[in-house]
Structures are given as structure tokens and as C-alpha cells.
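The values are calculated or read from the model by the stated rules, or taken from the named source; none is laboratory data. From a predicted model like this one, the values you see are computed outputs, not experimental measurements. Neighbour counts run over all protein chains shown; Cβ positions are idealised from the backbone, glycine included.
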Amino acid sequence: MSGIPVKVREVPTSAKFERIGAHTHIQGLGLDERGRAVRIKDGLVGQIKAREAAGIVVQMIKEGKLSGRLIVLAGPPGTGKTAIAVSITKELGVNVPFIQMSGSEIYSTGRKKTEVLIETMRKCIGIEIHEMREVYEGEVMRSEIITAPHPYNPYQKVPDGVRLTLKTKDEERRIEAGPEVATQILQQGIMEGSVIQIDSETGRVSLIGISEESERGKTYEVHRRLIVPRPSGKVKKEKEFVYNLTLADLDEMAASRGGGGLASLLFGALPEKEISPEIRANVDEQVKKMVDGGKAIIHPGVLFIDDAHLLDIEAFSFLSRAVEGELVPIVILATNRGRTRIRGTEIESPLGIPLDLLDRAVIIGTDEYSKDEILDILRIRAETEKVDIREEALDRLAEIGTRTSLRYASQLLSLAWQNSKNGGRDEITEEDVDRADGLFMDINQAEEHLRRYEAKMMKQ
Ligand SMILES: Nc1ncnc2c1ncn2[C@@H]1O[C@H](COP(=O)(O)OP(=O)(O)OP(=O)(O)O)[C@@H](O)[C@H]1O
Ligand SMILES: [Mg+2]
């Protein structure tokens, strides 16, 4: 057996962006089998119509039937728009990418607004690639590193190859590989008893664990490695590998392939490269081919743009064009504005979103909460934050929430908890709530506060 040619590329795993600390109590839309919202379920309270509407959207996304691809959540501040977007993604499952951004984020870092949007949209398209690869797999019975003198320092030895004996339940085989495989064997601390896989084309070595049949696997010392059964079948075999990537990951891989030159030789890293429209078009072609050939599955994810009225006309026109395309995520826009000027124009429009875009969207409204609903939401928040609170104190907090806002009441919950702990208690009382409410201001109070000072300045 000759040496295995080596060219290794790390496949990046798709990372999800998540910034949902305020919504950790939410597990889903809380619907029953018939798609009806249960008053309190999965961390959600009330907002029945919006939740049921979102449920229908989820069903259509799952069945690939959502044609418009654009959803608008409209409602006053603190009425659960972000909460519902988060529950939608919880319902869609783990393989579905979800990115949350604020409308203002497109104005960042001197990059083109549309470039930020394209890239973000492509991060929201999950591509599950199935690949059959030929690998050598087995438990290492013997491993012998062949060394050679260092080219610049003959007193030093460097790995030049490796002889391995791999064993499965059914056969034992000797293989020989070149310096790249030898180096990986050394770096990963692979020795007798390790179960490994070597990709026959790329030479990439993966350490799977320690064989339960080896001496090392049988000892009771604490292993940092997984104990695994000795593989069965032939040593050389076809195995299916599944990679979960996004379109953006593939763009990056395509952009860096072949590039690099001296910088990549010296520093290992590839220089940042702008990803051109051609590269993207090429990636799209490849993906479509893989899908047609049954080698890939597309998981359109969700791009949630909060405070959508902060987008400008250029971004909106881009979105209207983009949602008509082929490989696009579901776009959810949320806004708490009624009628306002579209940024970058003098035109007023409902929700601050251009009419032609609104025309394509399904709109879901959220309503303000009753005191009982606020109380139940705060109770769930208290449980999630592991805060103990007396029933009267909770009632008090709900009353404040009705007068001010759910957010303010939610913040008072943690502040009152701090106050109770400072007083050596382990439960929030009405006094803790009142003290916190007295020390801090809600938005209206703060506005009034400053207005009084302004009035005083005018007189002087
Ligand atoms: N129906 C609900 N059930 C449980 N928790 C909720 C519900 N609605 C809102 N919340 C919680 O209340 C807080 C405020 O809600 P959220 O941030 O979703 O409001 P919003 O409508 O997005 O407001 P804004 O317009 O200011 O962005 C969050 O912590 C959210 O998780
Ligand atoms: Mg929000």
C-alpha cells in the first residue's frame, strides 16, 4: 500500500448566533395538537391569536409551502414580538439556522448595507451535505513512526511516515502512510488501543476514542477519551458523513480555495477575501447540483430583523428583491411603529415599511397584556431566574407592569430580589418591590424628570 496523499481542510461547523437572555423561559409556541394556543404553555402566556398564527407559519415553513417568505410582527413595545420570533425557531428545530439582528446593525463597520444583508441571509440557509467517503477504520494494534533526518538539521529527526496495523471485529490490515498522516498520529496522541479513521483521499486522521477491547480501554483509570467498541466490517470501507453547514460557510470555503499564497504559508490563515457575486452564484449552482443528486438537503432558516423601521429604503428594496429569489430564508420583520417615515425618504408608510414589501408579507399583530397575563409572565420569569417572591409582591409587580411596562416590571423583579437579599431575606416582599420602584424610574418617569429640569433651565 502506498502513502496516502494528503490535503486536509477543516470543515467549519455552522455556528448559531444567539442573544436571547430575556427569552430563556421560552421553549415553543405552546400549541396543542390542533394548533390552538394553550393559555400558559412552553413559557408563553396569552397572546393567543399571534401564537396560533405563528403556528400556521411554522407548519407551512416545515412543509416548504410558505410562498411569501416574509412575515411582519407588529405591536406595541414589550408585547412579545421578539418572544414569538424566538418560539418560532424553537418549533422549527435544531437543524434550522436562526439569526436575530436589529435593523440598525446594517449600518455597522463601514461595510455596504446590502453586503451585510446578503451575508446574513446566507448564514440562515442550512445545507446538510451527505457524503460517502472511503476511510480506513479500526483499532490501532501497532503503530510505528518512521523518521528521517530534519532537512536543515541532521541531528534532529522528523516523522517521515507511519506503519499502522488496524483491526476491526472482522479483519486486520497493515497500512503505510506518509509524513502528514504520521504527524497527525503524533499530534493527536494516537497509540495502541485508539480507534481511528483515516480519510483515504485527504489523509485526514480522526481519533474516535479508545477501544473497549484494548488493554487501555479495560483499565479503570479515568480516561479523557470516549470508550468505544472496536469497529466491525472491513478496515477499508465506504462511510457516510453528514456535514451541517450554511451557504455562508460554503461561500467562505469557495473564496479561500486556491487563494492564500505566501500569507497562508507563513501564517496558516487565509487573508480575508471579499466574497464576490460570482463566487456566490457558483456556490448556489453546486448546492443545486448536490440537491438534485440527492447529496444535500436545504434547511431554509429564519432571519429575524428586530426594529425593522430602522432599515432604510435601500435595505427594503434589497429585501423585496431577495425574498423572490431561490435560496432565501424566511424573513421575519418586527416593529412597534404605527405610521412613520421610511428611512432615507420623505415618504410615510404604515409600520415604516414600504407598501410594496408589506404587500408581500403576512402580518401578525401582538396586543397589550392584561394584568393577569403580566402576572403570569412575571411568575414564569421569577421561576426562570430562580427568584422567590410572595404572592402579594407578585401582584404588586403586575400592577406596576400594567401602569408602566412589562419590561420595567421584569427589571424590577431582579432589582427587588437584590434588595431582599441585601436585607438578609430570601423572598421578595411588597416592600422590596416598592423600594426598587422608588429607586428606579420607568421611561415615562425619566422623561418627566428631565422635562422638569428643562423647564427650570428655561426660566433662568
Ligand atoms: N406572551 C408572553 N409570554 C411569556 N413571556 C413573554 C410574553 N410576551 C413577552 N414576554 C417576555 O417579556 C419581555 C418583553 O417581550 P419582547 O421583548 O418579546 O417584546 P417586543 O414586542 O419584542 O418589544 P419591542 O417592541 O420593545 O421590541 C421578554 O422578556 C419576553 O420574553
Ligand atoms: Mg423586540
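Quick check, is I400 under 19 Å from I71 (Cβ atoms) and either outside the structural domain of G55 (by TED's automatic domain parsing) or touching a Pro at 6+ places or on another chain (Cβ under 7 Å) (or both)?
No, not satisfied.
Tally time: how many residues in segment 329-381 are at pLDDT below 90 and small (G, A, S)?
Counting residues in segment 329-381 that are at pLDDT below 90 and small (G, A, S) gives 5.
State yes or no: is K167 among the basic types (K, R) and touching a Lys or Arg at 6+ places or on another chain (Cβ under 9 Å)?
yes
Limited to segment 91-104, what total is found for residues that are within 14 Å of ligand 2 (Cβ to nearest atom), more than 22 Å from D356 (Cβ to Cβ) and part of a helix (DSSP H, G or I)?
Residues that pass the stated criteria total 1.
Going residue by residue through segment 68-85, is there one that turns out to be modelled with pLDDT under 85 and more than 16 Å from ligand 2 (Cβ to nearest atom)?
Yes, some residue in segment 68-85 is modelled with pLDDT under 85 and more than 16 Å from ligand 2 (Cβ to nearest atom).
Hey, does segment 165-185 have a residue that's on the phi > 0 side of the Ramachandran plot and assigned to a loop (DSSP other than H, G, I, E, B)?
No - not one qualifying residue is present in segment 165-185.
Would you mind telling me which numbered condition in (1) assigned to a strand (DSSP E or B); (2) within 16 Å of ligand 2 (Cβ to nearest atom) I298 fails?
(2)
Which members of segment 130-164 meet the condition of being surrounded by 15 or more Cβ atoms within 10 Å (Cβ to Cβ), under 30 Å from G294 (Cα atoms) and charged (D, E, K, R)?
Correct list: R133, E137.
Would you confirm whether any residue within segment 247-264 is modelled with pLDDT of 90 or more, surrounded by 11 or more Cβ atoms within 10 Å (Cβ to Cβ) and of a type in the set (S, T, Y)?
The answer is no; no qualifying residue exists.
Could you tell me which numbered condition I88 fails, if it satisfies all but one of (1) within 16 Å of ligand 2 (Cβ to nearest atom); (2) farther than 26 Å from L245 by Cβ?
Result: I88 fails condition (2) only.
Can you find even one residue in segment 112-126 that is exposed (fewer than 14 other Cβ atoms within 10 Å of the Cβ) and either of a type in the set (D, E) or farther than 30 Å from A315 by Cα (or both)?
yes
If you take the residues of segment 322-349 that are within 16 Å of ligand 1 (Cβ to nearest atom) and among the polar types (S, T, N, Q), which of them is surrounded by the most Cβ atoms within 10 Å (Cβ to Cβ)?
Checked segment 322-349; the qualifying residue surrounded by the most Cβ atoms within 10 Å (Cβ to Cβ) is T335.
Take Q59 and decide whether it is within 13 Å of ligand 1 (Cβ to nearest atom) and either surrounded by fewer than 22 Cβ atoms within 10 Å (Cβ to Cβ) or over 25 Å from the mean Cα position of the chain (by Cα) (or both).
Judged against the criteria, Q59 is not a match.
Can you find a residue in segment 26-47 that is touching a residue at least 60 places away in the same chain (Cβ under 8 Å) and away from ligand 1 (no atom under 16 Å from the Cβ)?
No: zero hits.
Suppose we filter L394, L413, L378, L357 for residues that are part of a helix (DSSP H, G or I), without any contact (Cβ under 8 Å) to a residue 60 or more places away in the chain and either away from ligand 1 (no atom under 11 Å from the Cβ) or exposed (fewer than 15 other Cβ atoms within 10 Å of the Cβ) (or both); which single one remains?
Step by step, each of L394, L413, L378, L357 is checked, and only L394 is part of a helix (DSSP H, G or I), without any contact (Cβ under 8 Å) to a residue 60 or more places away in the chain and either away from ligand 1 (no atom under 11 Å from the Cβ) or exposed (fewer than 15 other Cβ atoms within 10 Å of the Cβ) (or both).
Within segment 309-348, count every residue that is in contact with a strand residue (DSSP E or B) (Cβ under 7 Å, 6 or more places away or on another chain) and among the polar types (S, T, N, Q).
The total comes to 2.
Determine which single condition K167 fails, assuming it passes every other condition in (1) modelled with pLDDT under 95; (2) crowded, with 18+ Cβ neighbours inside 10 Å.
Of everything listed in (1) modelled with pLDDT under 95; (2) crowded, with 18+ Cβ neighbours inside 10 Å, K167 misses just condition (1).
Using the structure shown, decide if I88 is more than 8 Å from ligand 1 (Cβ to nearest atom) and crowded, with 22+ Cβ neighbours inside 10 Å.
Against the criterion (more than 8 Å from ligand 1 (Cβ to nearest atom) and crowded, with 22+ Cβ neighbours inside 10 Å), I88 qualifies.
T366: in contact with a His (Cβ under 9 Å, 6 or more places away or on another chain) and within 16 Å of ligand 2 (Cβ to nearest atom), yes or no?
Against the criterion (in contact with a His (Cβ under 9 Å, 6 or more places away or on another chain) and within 16 Å of ligand 2 (Cβ to nearest atom)), T366 does not qualify.
Any residue that is in a helix (DSSP H, G or I), at pLDDT 90 or above, within 16 Å of ligand 2 (Cβ to nearest atom) and touching a strand residue (DSSP E or B) at 6+ places or on another chain (Cβ under 9 Å) - is there at least one of those in segment 106-123?
No, because not a single residue in segment 106-123 is in a helix (DSSP H, G or I), at pLDDT 90 or above, within 16 Å of ligand 2 (Cβ to nearest atom) and touching a strand residue (DSSP E or B) at 6+ places or on another chain (Cβ under 9 Å).
I need the full set of residues from segment 306-337 which are without any contact (Cβ under 8 Å) to a residue 60 or more places away in the chain and within 16 Å of ligand 2 (Cβ to nearest atom), in order please.
R337
Can you tell me which condition G64 does not meet? The list is (1) within 12 Å of ligand 2 (Cβ to nearest atom); (2) at pLDDT below 90; (3) not in a helix (DSSP H, G or I), and all the others hold.
That leaves (1) as the condition not met.
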